[in-house]
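Working notes for the structure below.
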Amino acid sequence: MTADSDFTAFFDATPSPYLMLDTDLVICYVNTAYLQATGRARDQLIGKYFFDALPERSGTPDDTQQHLRASLRRVLDTGKPETLVLQRYDIPALDEPGGFEERWWSEIHTPILGPDGKVKWIVQRAEDVTAFVHSRRARQLTEEFTEREKGMAAELYARAGELHRLNQELHQAHARERQVAVTLQEAMLSAPDLDHHTDNIAVRYLPAATSLNVCGDWYDVVDLPPDRYAAAVGDVVGHGLHAAAVMGMLRSALSAVIRATPSPAQALEVLGLYARSLDGATAATAVKVLIDTRSRLIIYSNAGHPPPVLLHYDGTCELLDQATDPPLGARLHHVPRPQAGLSYTRGDTLVMYTDGLIERRDEDIDASLARLTTALAQDSTLAPDQLADALLARLGTAGGAADDIALVVIRL
C-alpha cells in the first residue's frame, strides 16, 4: 500500500500505536507510537510478516498468544472488526537474545475493504497496558469481575495514559507559545534609555495568565538631559497583533513628542490627536510623568489611566490623581489636557502600572487602589527590583493575572 502524506501525518501524530497489515499479514505501515511501544526500528517491521517481526513466545500458559493470530484470521474471513480487550502477547527482548518481555495489550483490529468489498488491509491499534496489569488496582479486580469488565478497565487505563500524554504535550506547547509572546512583547518594549537607570528603575511585563498573544500594555522611559527624564505606561484595548501594532505606534509617537515638547499634558494632547487617526486606538489610556531631578518635582498628566502612586520612605502613599482626563481619542474635538505637579523627597518611589495589576472582578476601583497602597507600604524600603517582585507577589499576580500587566518602579 502506498500511503499519501495526509494518511501518514495523521497516524504519526496520534499518540496511540497503530500498525497496518495486508491480507498476508505483512506489515505495510507502522506509526511512531507503535515503534516506541515495541522498541523497534521501522526497518525491523515494515515489509515483514507480522509473526516473524514479532514472533510468538512458545510455552505460554494456555497458549494465550494464539488469540492474536486467531483474531486477525477472523477479521480477514468476516470483514468485521474485533477487540481484544486484555491480551497477553510477549515480544522479543532487545537486550537479551532469545528472551522475551512480558507485555499485555488492549487491541482493536479494524478491516479496510477494497472496491470489491473484500478485506484489503487490517489496521491494528495496540495500547500497551502492562503497567496496569501489574498495578495494585488491577490485582483488586477479583473473580467477581468478568473478562469484559477487566478489559474495560484496561481500556480506560490506556485512554487515561493517552490523555495524560496529550495534556503534557499541550502544556509544553502552551509554555513555548507563551514564551514566544513574552519575548516578542519585550522586544517591542525595548527602551534604550533604561540602560542609564539600572540602579533606580525596574520594569516588569506579564502577559495575561490565559493568553498566548502579544498585547497592548506598554511602558517607556526617555532621558531629557541634563537633569530630567520622562516615564509612561499605557494600555490599548484588546490582545493580538493588531493591539500590539497600535501600542507600538502610540508608544513611539509619545516617545518622540516628549523629546520635542517636554510637557506631559501637551504630549498627551498630541498623542490624542494622533490616536483619533488610528483604528483601534480610541479608548487607549496612558499616563505620562516628567521627573525633574534638580527641583525634585514630578509633573504629570493622565489620559484615563489608573493613577500612579508616590510611595514615601516612611510607607505613606500619595495618588497622582489631580490631572486625570478621558482616554486618548475619546473626545470629538480637541481640548487641552490638565497637568499637575508634586514634589518628592530623595528616596521616595514612584510606581506606575496598568490595570491588570490591581483590578479584580466585581471590585470597586477604590478597593483595588487601597490594596495596592497597603501592599506598597509593607515594602517601602526595598530596592526597585525587589519592590517590583514583592508587589506582584503580594497582589497575587507574580504568575500572571486575568489581564496583562506592565509595571514601572522608579526610585527617585
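Odds and ends about this structure:
- Here Ser190, Ser211 are screened, and the one residue that is surrounded by fewer than 16 Cβ atoms within 10 Å (Cβ to Cβ), modelled with pLDDT under 90 and hydroxyl-bearing (Ser, Thr, Tyr) is Ser190.
- Within the stretch 359-373, being open to solvent by 20 Å² or more (accessible area, probe 1.4 Å), within 20 Å of Ala208 (Cβ to Cβ) and assigned to a helix (DSSP H, G or I) holds for Ile365, Arg371.
- The requirement of being closer than 18 Å to Leu35 by Cα, aromatic (Phe, Trp, Tyr) and modelled with pLDDT under 85 is fulfilled somewhere in the stretch 94-111, by at least one residue.
- In this entry, Val335 is excluded by the filter for residues that are open to solvent by less than 40 Å² (accessible area, probe 1.4 Å) and among the hydrophobic types (A, V, I, L, M, F, W, C).
- Any hit, the stretch 310-325, residues being modelled with pLDDT under 95, closer than 21 Å to Met247 by Cβ, open to solvent by 10 Å² or more (accessible area, probe 1.4 Å) and part of a loop (DSSP other than H, G, I, E, B): no
- All of (1) at pLDDT 95 or above; (2) buried (at least 24 other Cβ atoms within 10 Å of the Cβ); (3) under 18 Å from Val222 (Cα atoms) hold for Thr293 with one exception: (2).
- Which numbered condition Arg346 fails, given (1) open to solvent by 70 Å² or more (accessible area, probe 1.4 Å); (2) free of Cβ contacts under 8 Å to residues at least 12 places away in the same chain: (2)
- Within the stretch 223-234, being more than 22 Å from Thr324 (Cα to Cα) and either open to solvent by less than 20 Å² (accessible area, probe 1.4 Å) or assigned to a strand (DSSP E or B) (or both) holds for Asp223, Leu224, Arg228.
- Residue-level check: of (1) assigned to a helix (DSSP H, G or I); (2) within 36 Å of the chain's Cα centre (by Cα); (3) of a type in the set (Asp, Glu), Glu269 misses just (2).
- The stretch 374-399, residues that are crowded, with 18+ Cβ neighbours inside 10 Å and either modelled with pLDDT under 90 or hydroxyl-bearing (Ser, Thr, Tyr) (or both): Thr397
- Residue in the stretch 35-57 that is under 23 Å from Glu102 (Cβ atoms), in a loop (DSSP other than H, G, I, E, B), modelled with pLDDT under 90 and open to solvent by 70 Å² or more (accessible area, probe 1.4 Å) present: yes
- Complete set of residues in the stretch 252-265 that are closer than 24 Å to Gln322 by Cα and in contact with a helix residue (DSSP H, G or I) (Cβ under 8 Å, 6 or more places away or on another chain): Leu254, Val257, Ile258, Thr261, Pro264
- Qualifying position, being surrounded by 14 or more Cβ atoms within 10 Å (Cβ to Cβ), of a type in the set (Gly, Ala, Ser), within 17 Å of Tyr219 (Cα to Cα) and in contact (Cβ under 8 Å) with a residue 24 or more places away in the chain, among Gly341, Gly356, Gly329: Gly356
- Scanning the stretch 285-309 for residues that are of a type outside the set (S, T, N, Q) and more than 34 Å from the chain's Cα centre (by Cα) returns Leu290, Ile291, Asp292, Arg294, Arg296, Leu297, Ile298, Ile299, Tyr300.
- Residue within the stretch 272-284 that is under 18 Å from Asp355 (Cα atoms), under 36 Å from the mean Cα position of the chain (by Cα) and open to solvent by less than 10 Å² (accessible area, probe 1.4 Å) present: yes
- Here Leu320 clears all of (1) closer than 19 Å to Ala406 by Cα; (2) of a type outside the set (Asp, Glu); (3) in contact (Cβ under 8 Å) with a residue 40 or more places away in the chain except the condition numbered (3).
The values are calculated or read from the model by the stated rules, or taken from the named source; none is laboratory data. Keep in mind that this is a model prediction, so the values were computed, not measured. Reconstructed Cβ throughout: ideal geometry from the backbone, glycine too, with neighbour counts over all protein chains shown. SASA here: full protein model, heavy atoms, side chains in, ligands and nucleic acids out. Shrake-Rupley method; radii C 1.70, N 1.55, O 1.52, S 1.80 Å.
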